[in-house]
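Every read-out reported here was derived from the displayed coordinates using simple, explicitly stated rules and does not represent laboratory data. Note that this is a predicted model, so its numbers are computed, not measured. Cβ placement follows ideal geometry from the backbone for every residue including glycine, while neighbour counts extend to all protein chains displayed.
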Amino acid sequence: MCGNNMSAPLSASIVPAARKATAAVIFLHGLGDSGHGWAESFEGLRIQHVKYICPHAPAMPVTLNMRMVMPSWFDIYGLDFSSSEDEAGIKRASETIKALIEQEVKNGIPSHRILLGGFSQGGALSLYTALTTQQKLAGVVALSCWLPLHNTFPQASANSANKDMPVLQCHGNADPIVNYSFGKMTEGRMKTLVNPDNYTFNTYQGLAHSSSPKEMDDIKHFILKTLPPDGNE
């Protein structure tokens, strides 16, 4: 599937709620990965009323990796904070995620009971999507990532419904792929776009470009806080 087919429905790994799903987490994987591994991780974070949806990105050539074809939400030209960006691809991917959120709304879960998140490239897309959608979300979990098209804000987020959304941003300070300093710059930029009182930035000492049991535990607490039982389970 090429990059121009992001409008096609996404397949996903799904961890169903143990009971009736009254809330959902949509989590986007990183470059070259799939939703399977993250679905397995979320199996360990079972919360009875929460459904986990881990979609798979389509395969496309990635400039950063010598145009090799791999799962990718959009093209990446470089990992410098000033690198050129695939603006059209980012916007197209964001619309696909908004459509996925809308599908869950049609399935009976209101958007304010949907938490959006992702790792690395997926985290970048989750931040961009949350800042540009009219769908009011429960919050965002952004792991080891950056804010794409950061120079287009605040104009792009002028009408966002999510200025007061809770955000949990996590980054290892030994990340050799997405530098920790990019994470801190993203935190600074994000705090000018959303309510800083609802923003949490967690640093993980010695963590590289990956997750950890402590981080997953922090994510579980954030999910429980932002998606509590609504009494209808």
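With 27 Å as the limit, write out which pairs from Lys91/Lys220; Lys51/Lys191; Lys163/Lys220 have Cα-Cα distances beyond it, or answer none.
Flagged as over cut-off: Lys91/Lys220; Lys51/Lys191.
Among Leu127, Gln205, Ile14, which residue has its Cα positioned farthest towards the positive end of the charge dipole of the stretch 3-226, with +1 placed on the Cβ of Lys and Arg, -1 on the Cβ of Asp and Glu, and the dipole taken about the Cα centre?
The Cα lying farthest towards the positive end belongs to Ile14.
Would you work out which of Pro196, Cys170, Thr226 lies farthest towards the positive end of the dipole of the chain? Charges go on Cβ: Lys and Arg +1, Asp and Glu -1.
Positive-end residue among those listed: Thr226.
Taking the Cα centre of the chain as origin, work out the dipole magnitude from +1 charges on Lys and Arg Cβ and -1 charges on Asp and Glu Cβ, in debye rounded to 20.
Here the chain has a charge dipole of around 460 debye.
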